[in-house]
């Protein structure tokens, strides 16, 4: 009998013995204390089982991670990554639906009584336009493309957890959905496209869990925060046109550079004067292209920036103020302007109850002293589209070890993770899933 079948039999034996014990306790009216003891013993046995399975799949996780890291694909171009995930799910015997919102995949693990409870686990899988500078055997093989945000680790952890939960499916009632999402790094966002493409048309989850690596937390830790956790993000693109000319004859021109400069300065009043002092907001312009010269005022100037906030009502109002100020400023300088400000990602808001429960379960898994409280961040995540429609918990697990203690952070060419953290990511999400399915 191979190791896989031995594990299946062990898990089945746990299930059969538990059912017998439950029946025995239910027919005894004075069994409340025994039931509490039994539940505690069952939890302990299942924790040990998940720990053992996580350890057994350590080599699988490392090989999976290194393969994905070496073969990154940009947002909405994750064709081979999607094929790899589909092959892994097929090998596990997990049914799935592919091609959702592009390269998205929805796997399904059905336990006993599949419709009793439904939860979903999500991982993103796209890479970034970054040239990797770390010299490792599994370095990116794709020029100027790199997994510099840990999405390869997220996908690895969900695949590893899927292997575990598939073996434990006789130990819970309900269905666990596996969301492998494309295009997190690029608007309009893979989460939005998957939802619009009928991701949950056939079956809707009661809650969704998603995890992200943290380069600030050491390996062996997890972090949670109920409520608002990440900001919304909208892009601002402006094309300012006017009458260019000689720099020594500005009176004959409509100075597009001066208009652009005044727009950037004037828009700061949106955050400093128009926004409530207690409402977090960031308005940053990081790109200004004026193709003139020392003595040439250009006909055209391009500006790009970002708007971030946690308040959806203010987000809408801020955009109105931004449009008004831009138009009035350009008018004052005799310039025309094209404004492109598409809706980006909404803020990520964790469900208070689910996140508090997830934190408690994480404490059972790794010890309460290893569970951290996250800080709110003005960075963004398209997981916000999920949190708008379903109760969710977005949490982090630490990947900072000796090997990468002094390397670059997210989106950096020197970014690395401590591979030992994969066991926490795999076992942690599997444990949380089992706890939510059986609570």
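State all residues of the range 300-341 that are buried (at least 20 other Cβ atoms within 10 Å of the Cβ) and on the phi > 0 side of the Ramachandran plot; if no residue qualifies, say none.
none
Being buried (at least 21 other Cβ atoms within 10 Å of the Cβ) and within 19 Å of residue 408 (Cα to Cα) narrows it down to one residue among 162, 120, 127, 133; which is it?
After applying the criteria, what remains is 127.
Go through (1) over 17 Å from residue 96 (Cα atoms); (2) out of contact with any strand residue (DSSP E or B) (no Cβ under 7 Å at 6 or more places or on another chain); (3) buried (at least 18 other Cβ atoms within 10 Å of the Cβ) and name the single condition residue 149 misses.
Of the numbered conditions (1) over 17 Å from residue 96 (Cα atoms); (2) out of contact with any strand residue (DSSP E or B) (no Cβ under 7 Å at 6 or more places or on another chain); (3) buried (at least 18 other Cβ atoms within 10 Å of the Cβ), the odd one out for residue 149 is (2).
Evaluate the range 389-412: report whether one residue or more is in the same structural domain as residue 353 (by TED's automatic domain parsing), closer than 14 Å to residue 61 by Cα and in a helix (DSSP H, G or I).
No, the conditions are met nowhere in the range 389-412.
Can you tell me which residues in the range 231-249 are closer than 30 Å to residue 394 by Cβ and crowded, with 21+ Cβ neighbours inside 10 Å?
231, 232, 233, 234, 236
Does residue 157 satisfy the condition of being surrounded by 24 or more Cβ atoms within 10 Å (Cβ to Cβ) and modelled with pLDDT of 95 or more?
yes
In this structure, is residue 263 farther than 30 Å from residue 429 by Cα, part of a helix (DSSP H, G or I) and in contact with a helix residue (DSSP H, G or I) (Cβ under 6 Å, 6 or more places away or on another chain)?
Here the answer is yes, as residue 263 does meet what is asked.
With the condition being more than 23 Å from residue 386 (Cβ to Cβ), over 29 Å from the mean Cα position of the chain (by Cα) and free of Cβ contacts under 8 Å to residues at least 40 places away in the same chain, I'd like the strands (runs of 3 or more DSSP E) fully within the range 272-348 carrying at least 2 qualifying residues.
281-290
Give the residue, chosen from 350, 369, that is out of contact with any strand residue (DSSP E or B) (no Cβ under 9 Å at 6 or more places or on another chain) and at pLDDT 95 or above.
369
Take the residues in the range 78-94 that are buried (at least 18 other Cβ atoms within 10 Å of the Cβ) and more than 18 Å from residue 63 (Cα to Cα), then tell me which one is farthest from the chain's Cα centre (by Cα).
Checked the range 78-94; the qualifying residue farthest from the chain's Cα centre (by Cα) is 94.
Answer yes if at least one residue in the range 416-432 is over 16 Å from the mean Cα position of the chain (by Cα), more than 30 Å from residue 46 (Cα to Cα), touching a residue at least 12 places away in the same chain (Cβ under 8 Å) and in the same structural domain as residue 184 (by TED's automatic domain parsing), and no otherwise.
Within the range 416-432, one or more residues are over 16 Å from the mean Cα position of the chain (by Cα), more than 30 Å from residue 46 (Cα to Cα), touching a residue at least 12 places away in the same chain (Cβ under 8 Å) and in the same structural domain as residue 184 (by TED's automatic domain parsing).
Of all residues in the range 86-132, how many are in contact with a strand residue (DSSP E or B) (Cβ under 9 Å, 6 or more places away or on another chain) and in a loop (DSSP other than H, G, I, E, B)?
Qualifying residue count, the range 86-132: 16.
The values are calculated or read from the model by the stated rules, or taken from the named source; none is laboratory data. Just so it is clear, the structure is predicted and the values come from calculations on it, not from any experiment. Positions of Cβ are generated from backbone atoms using ideal geometry, with glycine treated the same way; all protein chains shown enter the neighbour counts.
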